[in-house]
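Working notes for the structure below.
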Amino acid sequence: GAESAFTEIVGRHLPLVFGTALRRLGGDRAEAEDVAQAVFVALARQAPSLVRHPTVAGWLYTTTVHQANNQLRRRQRRLVEQKMG
């Protein structure tokens, strides 16, 4: 049922999500993995409301960009905090 469908969606769209995150994060694989995981957690949580969404791939791409941007902001904050001591 639902679990196998979700697994299929993850398998089909993981290259898109991970590749997008990897590019946005300048090649940092660990951060890209974190972003991909966050995106699929968000997908699982919001699945019922996405039934009417025109394309899952579009939603995943947009969500990945937003999550990667958030990750970049967190990275920048950490760098500033380290410099300030």
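The values are calculated or read from the model by the stated rules, or taken from the named source; none is laboratory data. As the structure is a computational prediction, the values presented were derived from the model and not from experiment. A quick note on method: Cβ atoms are made from the backbone with ideal geometry, for glycine too, and the neighbour counts reach across all protein chains shown. For accessibility, only protein heavy atoms count, side chains too; no ligands or nucleic acids. Shrake-Rupley method; radii C 1.70, N 1.55, O 1.52, S 1.80 Å.
What 222 nm value per residue comes from the helices of the chain, counting each DSSP H run with n ≥ 4 as -39,500 (n - 2.57) and dividing by all residues, nearest 500 deg cm²/dmol?
Details: 3 runs with 70 residues, N = 85.
The per-residue figure over the chain is -29000 deg cm²/dmol.
Report P(r) for the chain: all Cα-Cα distances, bin width 5 Å, range 0 to the bin holding the largest distance, values in whole percent.
3, 15, 24, 22, 15, 10, 6, 3, 2, 1, 0
So what's the angle, to the nearest 10 degrees on a 0 to 90 scale, between helix 56-84 and the longest Cα principal axis of the chain?
20
Relative to the longest principal Cα axis of the chain, at what angle does helix 2-24 sit, 0 to 90 degrees, rounded to 10?
30
In whole percent, how big is the carbon plus sulfur part of the accessible area of the stretch 41-85, probe 1.4 Å, protein atoms only?
56
Principal axis extents for the stretch 22-64, Cα atoms only, whole Å, descending order, please.
Rounded to whole Å, the extents work out to 33, 17, 8 Å.
Mind checking the per residue accessible area of the chain for me, 1.4 Å probe, whole number of Å²? Write down the numbers at each step before the final one.
On the way: 5830 Å² over 85 residues.
Accessible surface, normalised per residue, equals 69 Å².
Using Cα atoms only, what is the angle between the long axis of helix 29-46 and the major principal axis of the chain, expressed in degrees (0 to 90) to the nearest 10?
The answer is roughly 40 degrees.
For the chain, build the charge dipole from Cβ charges (+1 Lys, Arg; -1 Asp, Glu) around the Cα centre, then report which of 18, 76, 62 sits farthest towards its positive end.
76
How would you order 32-44, 1-13, 63-75 from highest to lowest mean count of nearby Cβ atoms within 10 Å? Spell out each step's value before the answer.
On the way: 32-44: 18.9, 1-13: 11.3, 63-75: 17.1.
The most tightly packed comes first, giving 32-44, 63-75, 1-13.
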